[in-house]
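**Student:** So that we are looking at the same thing, I have put the structure below in structure tokens.
The values are calculated or read from the model by the stated rules, or taken from the named source; none is laboratory data. No experiment lies behind these values; they were computed from the predicted model shown. Here Cβ is always computed from backbone atoms with ideal geometry, including for glycine, and neighbour counts include all displayed protein chains. Surface accessibility is based on the protein's heavy atoms, side chains included, excluding ligands, DNA and RNA. Shrake-Rupley method; radii C 1.70, N 1.55, O 1.52, S 1.80 Å.
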Amino acid sequence: MKIHFKIFLVLAFSVYISFLINDVRAEDTEYDLKSYYPIKQGNVMIYKEKVEGAAKAQKCFSATFGIELLGFTPVNRVWEWESSDTEGFGYELLAWHLTEGLKLYKEYEGDEYLEYDEPMILFPPKMKIEDSIGPASYNYKWYDSDGEELFSGTESVTLTLLGLEDITVDAGVFTDCLKFQEEGSWEESTGDWGNYKDTFWLAKNVGMVKCIEEETEFESGEEETETVIFELKKSFLIPITLGKD
């Protein structure tokens, strides 16, 4: 009986030490964020989008098709739209930079577009658990289709890598996802302003599998608060060829 008890203690101690070692390794690991947020031409991701309080969910789509040149920099067109959209699609111009990370250059919504004075850094190249970047401040301007300025604004954002979690959604079970929290605020020359907190999970070689967006906006003197949950339903790659023969 005593021998069995000693064996049990040794095994329990070994499991405990193994847990501590793995936990330390996870905290010390530098995660290559490009592999957790890959941008591939032809990649399509379909999400279930549920607004808190809404009767039912709708589908939300993200698709990477097309490349533009900004100066000498090639950037990807990442299109986004919802199943209920009737006013056309919007897209963002994104590109990974070797030493600076993932940059957001422009956002298009219908005939209007937003441009930053300096590209917004969405992710650095690498992060460790509990690492935080920011607060970083970015100035931007909105333009109409003729290039006339509509209004300007400033956005401040902080990104924190909280840890690792397993996530189950319609698309499957994704283990060891990176869990992030992004907190920010914005203020525009029109007098409108707001703040937000997004919690999202990235799976390696897949991208975002779940996101919870919480935002409060103050527009035209009225306050509106909304929580939206996105969960991955399906993702696939459409083979495409860029360039000319």
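**Student:** When you scan segment 190-203, do you find a residue that is touching a residue at least 40 places away in the same chain (Cβ under 8 Å) and not aliphatic (A, V, I, L, M), even just one?
**Tutor:** So the first thing to find is which residues in segment 190-203 are touching a residue at least 40 places away in the same chain (Cβ under 8 Å), and the list is 202-203.
Those still in the list that are not aliphatic (A, V, I, L, M) too: none.
For segment 190-203, residues touching a residue at least 40 places away in the same chain (Cβ under 8 Å) and not aliphatic (A, V, I, L, M): absent.
**Student:** I'd like to check which strands (runs of 3 or more DSSP E) are fully inside segment 165-224 and have at least 1 residues that are open to solvent by less than 40 Å² (accessible area, probe 1.4 Å) and of a type in the set (D, E, K, R). Walk me through it before giving the result.
**Tutor:** Working: elements: 172-188, 193-203, 207-219.
In segment 165-224, 172-188, 193-203 are the strands (runs of 3 or more DSSP E) which contain 1 or more residues that are open to solvent by less than 40 Å² (accessible area, probe 1.4 Å) and of a type in the set (D, E, K, R).
**Student:** For the subset of segment 212-245 comprising residues that are within 27 Å of residue 135 (Cβ to Cβ) and touching a residue at least 60 places away in the same chain (Cβ under 8 Å), which member is nearest to the chain's Cα centre (by Cα)?
**Tutor:** 230
**Student:** Return the pair list, or none, for Cβ contacts closer than 6 Å from residues in segment 143-156 that are over 21 Å from residue 120 (Cβ atoms) to residues that are in a strand (DSSP E or B), at least 6 apart or on different chains.
**Tutor:** 144/112; 144/150
**Student:** With the structure loaded, tell me whether residue 146 is open to solvent by 70 Å² or more (accessible area, probe 1.4 Å) and in a loop (DSSP other than H, G, I, E, B) or whether it fails that test.
**Tutor:** yes
**Student:** Does residue 129 meet the test of being touching a Cys at 6+ places or on another chain (Cβ under 7 Å), open to solvent by less than 60 Å² (accessible area, probe 1.4 Å) and modelled with pLDDT of 95 or more? Before the answer, list the steps.
**Tutor:** Numbers: touching a Cys at 6+ places or on another chain (Cβ under 7 Å): no; open to solvent by less than 60 Å² (accessible area, probe 1.4 Å): yes; modelled with pLDDT of 95 or more: yes.
No, not satisfied.
**Student:** Something else now. Among the residues of segment 36-64, which ones are aliphatic (A, V, I, L, M), assigned to a loop (DSSP other than H, G, I, E, B) and over 17 Å from the mean Cα position of the chain (by Cα)?
**Tutor:** Across segment 36-64, the qualifying residues are 54, 55, 57.
**Student:** For residues that are open to solvent by less than 30 Å² (accessible area, probe 1.4 Å) and more than 20 Å from residue 101 (Cα to Cα), tally how many sit in segment 44-65.
**Tutor:** Counting residues in segment 44-65 that are open to solvent by less than 30 Å² (accessible area, probe 1.4 Å) and more than 20 Å from residue 101 (Cα to Cα) gives 8.
**Student:** Among the residues of segment 126-180, write down those that are under 21 Å from residue 105 (Cβ atoms) and in contact with a Lys or Arg (Cβ under 7 Å, 6 or more places away or on another chain).
**Tutor:** If the condition is that a residue be under 21 Å from residue 105 (Cβ atoms) and in contact with a Lys or Arg (Cβ under 7 Å, 6 or more places away or on another chain), then 149, 152 are the ones that fit.
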